[in-house]
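Reading through the structure tokens given below for one structure.
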Amino acid sequence: MPTHEKKHCARCDAEFECKTGSVLLCQCSKIELSTEQLEYIHAEYEDCLCLSCLNVLRTKFNTLSYQKNMQTLLSGHGLTDRINSNIKK
């Protein structure tokens, strides 16, 4: 018989049912996360998170990654200094 466990989200403390005995039915199987996204989340949290928090953290990771990539692209073309100097004017 599958085991289900009541858990509290490590981020927001919301209660949810962890279905360790039926992983395909568990709420965490409803979100697709890349290896990088999983590593980002695991660096902050050791225990399960609710689906809502997983979505928020996936979006946060994607935003931070996008910003980092844009900064790299802009600095590689000397645009960062030009943008920063225009902002100071």
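Quick note: the coordinates plus some simple rules give every number you see, no bench work behind them. This structure is a prediction, so every number in the text was calculated from the model and none was measured. As a convention, Cβ positions derive from the backbone with ideal geometry for all residues, glycine included, and neighbour counts pool all protein chains shown.
Things worth noting here:
Yes/no per residue for (1) surrounded by fewer than 15 Cβ atoms within 10 Å (Cβ to Cβ); (2) closer than 30 Å to Tyr66 by Cβ; (3) touching a His at 6+ places or on another chain (Cβ under 8 Å); (4) not β-branched (Val, Ile, Thr):
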{"position": "Thr20", "(1), (2), (3), (4)": "yes, no, yes, no"}
{"position": "Leu24", "(1), (2), (3), (4)": "yes, no, no, yes"}
{"position": "Glu32", "(1), (2), (3), (4)": "yes, yes, no, yes"}
{"position": "Tyr40", "(1), (2), (3), (4)": "no, yes, no, yes"}
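- Test for Thr63: is it outside any helix (DSSP H, G or I), polar (S, T, N, Q) and loosely packed, with under 14 Cβ neighbours inside 10 Å: no
- Total residues in segment 1-18, condition assigned to a loop (DSSP other than H, G, I, E, B) and surrounded by 13 or more Cβ atoms within 10 Å (Cβ to Cβ): 5
- Candidates Glu5, Glu15 - the one that is of a type in the set (Asp, Glu) and touching a residue at least 12 places away in the same chain (Cβ under 8 Å): Glu5
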